[in-house]
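S.K.: Have a look at this one before I ask anything.
The values are calculated or read from the model by the stated rules, or taken from the named source; none is laboratory data. The shown structure was predicted, so the numbers you read here are calculated from the model rather than taken from an experiment. Heads up, the Cβs are rebuilt from the backbone with ideal geometry, glycines too, and the neighbour counts pull from every protein chain shown. What goes into the accessible areas is simple: the full protein's heavy atoms, side chains included, and nothing from ligands, DNA or RNA. Shrake-Rupley method; radii C 1.70, N 1.55, O 1.52, S 1.80 Å.
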Amino acid sequence: PSLSRSSDVSLDTVSWRDIGGYNKVKERLQQALEWPVQHADAFKRLGLHAPRGVLLYGPPGCSKTTLARAAAGASGMRLQVLSGAQLFSMYVGEGEGLLRAAFQRSRMTAPSILFIDEIDAIVGGRAEEGASSSGSSDASTRILSTLLTEMDGLESSTVLSTGVLVLAATNRPHVLDAALLRPGRLDVLLYVPPPDSEERHEILKVHSRGMPVAQDVDLQALAQRTDRFTGADLSNLCQEAALMGLREGMDHATEVKRMHFESALAVAQPSLSVEQIRRS
Ligand code: ATP
């Protein structure tokens with residue numbers, strides 16, 4: 001199968017600077033990704049194994065994909081992106097083929113990252129649909145077993161596997177098959193929570209960095225008033241505010257002012273539910 005359906009975003013310029021907050025998650029990711037490459041000799045000396053798989057889990061729109069891209073950008077590792085939903089929706093055999101080809105390519109371009117977004121789409125079907133939908137359940141089983149075989153292959157072959165890391169993301173960790181979370185597979189679990197007020201402040205700073213923000217704008221106060229907003233919501237809020245400024249002044253707009261942020265905030269809706277925040 002053609003690999004053109006997976007995208008190689010290694011030339012992306014996303015860096016850790018583009019991520020507001022989440023310092024703990026960043027640090028853990030750096031450890032998992034960069035240490036085994038940068039300190040390869042020490043790892044060998046101490047008998048340490050590099051992690052083969054990391055699972056990022058948490059509510060939608062809260063930085064998982066951005067973290068994966070920044071991790072790749074910062075470590076100089078090549079990044080291949082696969083979508084679990086896409087793999088699952090393919091014709092019989094095609095999803096497995098694509099997955100195998102993606103692993104092969106990752107091994108050839110090591111050190112590299114294979115990012116599987118929405119991994120629950122591959123292995124969540126079984127738990128949710130159970131026996132009532134044996135067609136999708138078969139597809140799940142086949143793709144899951146291909147994934148497990150490939151990940152186990154990474155572990156047993158020491159030369160080729162150097163520096164191949166599987167990074168997966170999900171909003172529904174509870175539906176994942178336990179086999180996927182065993183040692184040597186996705187055994188580093190990183191929770192990416194909804195951003196708290198301090199993190200929202202950092203995210204607002206990132207997204208207003210390129211804007212001429214007026215003196216009267218208090219990003220910290222905005223952060224406190226944006227409960228249940230995701231990183232994606234905050235990015236939209238900044239864009240909306242700038243658009244308000246543009247609408248008002250059209251070609252003469254030079255600043256994004258407090259009142260523009262206020263107008264944007266008046267129509268903005270948070271994506272996260274009270275329930276999602278409570279669970280975090
Ligand atoms: P999904 O589960 O829906 O795939 P996700 O958790 O992968 O979501 P991202 O795709 O990383 O979320 O985030 C969506 C957008 O929100 C990003 O393109 C980015 O602009 C913005 N964003 C999210 N988190 C942050 C952050 N911590 N700092 C800056 N921008 C962020």
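Rundown of residues vs (1) out of contact with any Pro (no Cβ under 7 Å at 6 or more places or on another chain); (2) among the polar types (S, T, N, Q); (3) closer than 16 Å to Pro173 by Cβ; (4) open to solvent by less than 40 Å² (accessible area, probe 1.4 Å), yes/no style:
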position	(1), (2), (3), (4)
Leu29	yes, no, no, yes
Glu34	yes, no, no, yes
Val37	no, no, no, no
Ala42	yes, no, no, yes
Leu48	yes, no, no, no
Val54	yes, no, yes, yes
Gly58	no, no, yes, yes
Ser63	yes, yes, yes, yes
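S.K.: State whether one or more residues within the range 177-193 are assigned to a helix (DSSP H, G or I), surrounded by 14 or more Cβ atoms within 10 Å (Cβ to Cβ) and either at pLDDT 95 or above or not hydrophobic (A, V, I, L, M, F, W, C) (or both).
M.R.: No - not one qualifying residue is present in the range 177-193.
S.K.: Oh, and also: Looking at the structure I just gave you, is Gly210 over 18 Å from the mean Cα position of the chain (by Cα) and open to solvent by 70 Å² or more (accessible area, probe 1.4 Å)? Write out each step before concluding.
M.R.: Details: over 18 Å from the mean Cα position of the chain (by Cα): yes; open to solvent by 70 Å² or more (accessible area, probe 1.4 Å): yes.
Here the answer is yes, as Gly210 does meet what is asked.
S.K.: From Gln220, Gln215, grab the single residue that is open to solvent by 80 Å² or more (accessible area, probe 1.4 Å), over 26 Å from Thr65 (Cβ atoms), without any contact (Cβ under 8 Å) to a residue 60 or more places away in the chain and assigned to a loop (DSSP other than H, G, I, E, B). Write out each step before concluding.
M.R.: Values: Gln220 fails: assigned to a loop (DSSP other than H, G, I, E, B).
Just one listed residue meets the conditions, Gln215.
S.K.: Further, regarding this structure: Got at least one residue in the range 99-108 being farther than 14 Å from Met151 by Cα and crowded, with 21+ Cβ neighbours inside 10 Å?
M.R.: Going through the range 99-108, the residues farther than 14 Å from Met151 by Cα turn out to be 108.
Retained after the next criterion (residues that are crowded, with 21+ Cβ neighbours inside 10 Å): none.
No: the range 99-108 contains no residue that is farther than 14 Å from Met151 by Cα and crowded, with 21+ Cβ neighbours inside 10 Å.
S.K.: Quick check on Arg17: is it at pLDDT 85 or above, under 22 Å from Leu144 (Cβ atoms), over 15 Å from the mean Cα position of the chain (by Cα) and open to solvent by 20 Å² or more (accessible area, probe 1.4 Å)? Lay out the reasoning, then the answer.
M.R.: Numbers: at pLDDT 85 or above: yes; under 22 Å from Leu144 (Cβ atoms): no; over 15 Å from the mean Cα position of the chain (by Cα): yes; open to solvent by 20 Å² or more (accessible area, probe 1.4 Å): yes.
Judged against the criteria, Arg17 is not a match.
S.K.: Which one is farthest from the ligand (Cβ to nearest atom), of the residues in the range 43-80 that are hydroxyl-bearing (Ser, Thr, Tyr) and not in a strand (DSSP E or B)? Even if it seems obvious, please write down each step before you answer.
M.R.: Pass one, the range 43-80, residues hydroxyl-bearing (Ser, Thr, Tyr): 57, 63, 65-66, 75.
Now restrict to residues that are not in a strand (DSSP E or B): 63, 65-66, 75.
Working: Ser63: 3, Thr65: 3, Thr66: 3, Ser75: 17 Å.
Looking at the filtered set, the residue picked out is Ser75.
S.K.: Residue by residue through the range 212-263, note down the ones that are among the small types (Gly, Ala, Ser), within 16 Å of the ligand (Cβ to nearest atom) and over 14 Å from Arg200 (Cβ atoms).
M.R.: Ala241, Ala242
S.K.: Looking only at the range 264-275, which residues are farther than 18 Å from Lys205 by Cα and part of a helix (DSSP H, G or I)?
M.R.: Ala266, Val267, Val274, Glu275, listed by residue number.
S.K.: Given the condition over 23 Å from Lys24 (Cβ atoms) and either more than 12 Å from the ligand (Cβ to nearest atom) or touching a helix residue (DSSP H, G or I) at 6+ places or on another chain (Cβ under 6 Å) (or both), answer yes or no: does some residue in the range 191-201 qualify? Please lay out each step first, then the result.
M.R.: Pass one, the range 191-201, residues over 23 Å from Lys24 (Cβ atoms): none.
Checked the range 191-201: no residue is over 23 Å from Lys24 (Cβ atoms) and either more than 12 Å from the ligand (Cβ to nearest atom) or touching a helix residue (DSSP H, G or I) at 6+ places or on another chain (Cβ under 6 Å) (or both).
S.K.: With respect to Val274, is the statement that it is surrounded by fewer than 13 Cβ atoms within 10 Å (Cβ to Cβ) and at pLDDT below 95 true?
M.R.: Answer is yes for this residue.
S.K.: For the range 130-176, what are the residues that are modelled with pLDDT of 85 or more, open to solvent by 60 Å² or more (accessible area, probe 1.4 Å) and not in a helix (DSSP H, G or I)?
M.R.: Those that are modelled with pLDDT of 85 or more, open to solvent by 60 Å² or more (accessible area, probe 1.4 Å) and not in a helix (DSSP H, G or I): Asn171, Arg172.
S.K.: Just for the range 235-267: of the residues that are in contact (Cβ under 8 Å) with a residue 40 or more places away in the chain and out of contact with any Gly (no Cβ under 6 Å at 6 or more places or on another chain), which one is surrounded by the fewest Cβ atoms within 10 Å (Cβ to Cβ)?
M.R.: Keep residues of the range 235-267 that are in contact (Cβ under 8 Å) with a residue 40 or more places away in the chain, which gives 254-258, 261, 265.
Narrowing the set further to residues that are out of contact with any Gly (no Cβ under 6 Å at 6 or more places or on another chain) leaves 254-255, 257-258, 261, 265.
Details: Thr254: 9, Glu255: 16, Lys257: 21, Arg258: 17, Phe261: 29, Leu265: 15.
Only one residue fits best here, namely Thr254.
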